[in-house]
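> Provided herewith is a single structure, encoded as structure tokens, for subsequent inquiry.
The values are calculated or read from the model by the stated rules, or taken from the named source; none is laboratory data. Since the structure is predicted, the reported quantities are computational estimates derived from the model, not experimental observations. A quick note on method: Cβ atoms are made from the backbone with ideal geometry, for glycine too, and the neighbour counts reach across all protein chains shown. Note: areas computed on protein heavy atoms with side chains; ligands, DNA, RNA excluded. Shrake-Rupley method; radii C 1.70, N 1.55, O 1.52, S 1.80 Å.
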Amino acid sequence: MQTLTSFESMQAWANATHREGLRIGFVPTMGFLHAGHVSLMERLRPEVDRLVVSIYVNPLQFGPDEDLERYPRDPEGDAAKCDGAGVDVLFMPPDLYPDGFVTSVAVDRLTDGMCGATRPGHFDGVTTVVARLFNLVRADVACFGEKDFQQLAVIRRMVRDLAMPVEIVGGPLVRDPDGLAMSSRNKYLTETDRERGLSLHRALFAMRDAATAGEKRAEALLAIGRDTLTVDKLHYLELVDAESLQRIERVERPARALVAAFLGKTRLIDNVGIV
Ligand code: PAF
């Protein structure tokens, strides 16, 4: 595995790799890697000739009161995990933007609700960095986790709308044995926060089970979810169409239940498919 740290060297490697006719797979991350990230690498590894992972904590996607400064980092552990997953290139730039950078990429509508509403500017930061990373890595296929379900939908739409020459693949959410969705931010949780945080997936699964048992009314399903949550501050609990991310009144097509909430100072998200 080689580590590249400048965007010039990343782009030069990608150009040379394409000249050889090789297929590039890409997993963008912000580091502090866990089994969820590794599952995305393993998902792409068999279908590409070269696998690239980027680690960059992107300031553009953090709000002024968010955790940019304390976002957990573990460059050595991350490198070992990437090496173990058969990664060819680890791209770890100390900075990603050129001097005087003033461009942004924004996807409307899909970003109006949920994390878009509760974290203003967040998705513009995500789409801007991902667009820039795509141009540096020149991946043929890129994999994003369904844990960030809205992010995945937003990136798919950006790629479609701007005709970016990259295929987007979603990787299933990975849970710890107790059911908590894996996240780099779980590191912040105290034992009691973590225990109460388990109510996120319990609420979503209770909604899914009730829908499977025949309850199709969104309001009734949301009430079941809300009754199960034991969190400090609920950012949102939503039931939306799985593709358009628009709120629904009844479950008639594949839907998704999504939640975001604070446990202490830690904001967690989770989601589950409802059919
Ligand atoms: O999901 C993440 O870790 C980040 O939002 C991403 C896609 C790497 C962009 O910074």
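> Give me the residue from the stretch 235-251 that is hydrophobic (A, V, I, L, M, F, W, C) and either open to solvent by 70 Å² or more (accessible area, probe 1.4 Å) or part of a loop (DSSP other than H, G, I, E, B) (or both) and, out of that set, nearest to MET114 (Cα to Cα).
LEU245
> Restricting to the stretch 107-134, name every residue that is surrounded by 18 or more Cβ atoms within 10 Å (Cβ to Cβ) and among the polar types (S, T, N, Q).
Those that are surrounded by 18 or more Cβ atoms within 10 Å (Cβ to Cβ) and among the polar types (S, T, N, Q): THR111, THR127, THR128.
> Can I ask one more? Since VAL272 meets every condition but one in (1) open to solvent by 20 Å² or more (accessible area, probe 1.4 Å); (2) in contact with a Phe, Trp or Tyr (Cβ under 8 Å, 6 or more places away or on another chain); (3) in a strand (DSSP E or B), which condition does it not meet?
Against the list (1) open to solvent by 20 Å² or more (accessible area, probe 1.4 Å); (2) in contact with a Phe, Trp or Tyr (Cβ under 8 Å, 6 or more places away or on another chain); (3) in a strand (DSSP E or B), VAL272 comes up short only on (1).
> Something else about it: Hey, could you check the stretch 183-194 for residues that are in a loop (DSSP other than H, G, I, E, B) and buried (at least 18 other Cβ atoms within 10 Å of the Cβ) and say which is farthest from the chain's Cα centre (by Cα)?
Out of the qualifying residues, it is LEU189.
> Can I ask one more? Quick one: count up the residues across the stretch 52-66 that are within 12 Å of the ligand (Cβ to nearest atom) and in a loop (DSSP other than H, G, I, E, B).
4
> Is it true that some residue in the stretch 195-210 is surrounded by fewer than 16 Cβ atoms within 10 Å (Cβ to Cβ) and in a loop (DSSP other than H, G, I, E, B)?
Looking through the stretch 195-210, none of the residues is surrounded by fewer than 16 Cβ atoms within 10 Å (Cβ to Cβ) and in a loop (DSSP other than H, G, I, E, B).
> Let me ask something else about it. Applying the selection to the stretch 135-165, what residues are free of Cβ contacts under 8 Å to residues at least 60 places away in the same chain and either closer than 19 Å to ARG256 by Cα or open to solvent by less than 20 Å² (accessible area, probe 1.4 Å) (or both)?
GLN151, LEU152, VAL154, ILE155, ARG156, ARG157, MET158, VAL159
> Quick check: is even one residue across the stretch 56-77 touching a strand residue (DSSP E or B) at 6+ places or on another chain (Cβ under 7 Å) and modelled with pLDDT of 95 or more?
No.
For every residue, the table says whether it meets (1) away from the ligand (no atom under 13 Å from the Cβ); (2) among the basic types (Lys, Arg); (3) assigned to a helix (DSSP H, G or I).
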site: THR127; (1), (2), (3): no, no, yes
site: ALA139; (1), (2), (3): no, no, no
site: PHE149; (1), (2), (3): no, no, yes
site: ARG157; (1), (2), (3): yes, yes, yes
site: ARG160; (1), (2), (3): yes, yes, yes
site: GLY170; (1), (2), (3): no, no, no
site: ASP178; (1), (2), (3): yes, no, no
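> Still on this structure, please answer the following. In the stretch 18-51, which residue that is without any contact (Cβ under 8 Å) to a residue 60 or more places away in the chain, assigned to a strand (DSSP E or B) and more than 10 Å from the ligand (Cβ to nearest atom) is surrounded by the fewest Cβ atoms within 10 Å (Cβ to Cβ)?
Looking at the filtered set, the residue picked out is ARG50.
> List, please: which pairs have Cβ atoms under 8 Å, are six or more places apart or on different chains, and start with a residue in the stretch 246-273 that is in contact (Cβ under 8 Å) with a residue 60 or more places away in the chain and more than 21 Å from ASP209 (Cα to Cα) and end with one that is open to solvent by less than 30 Å² (accessible area, probe 1.4 Å) and hydroxyl-bearing (Ser, Thr, Tyr)?
Final answer for the pair search is LEU268/SER183.
> Restricting to the stretch 64-97, count the residues that are open to solvent by less than 50 Å² (accessible area, probe 1.4 Å), out of contact with any helix residue (DSSP H, G or I) (no Cβ under 7 Å at 6 or more places or on another chain) and either free of Cβ contacts under 8 Å to residues at least 40 places away in the same chain or not hydrophobic (A, V, I, L, M, F, W, C) (or both).
The total comes to 6.
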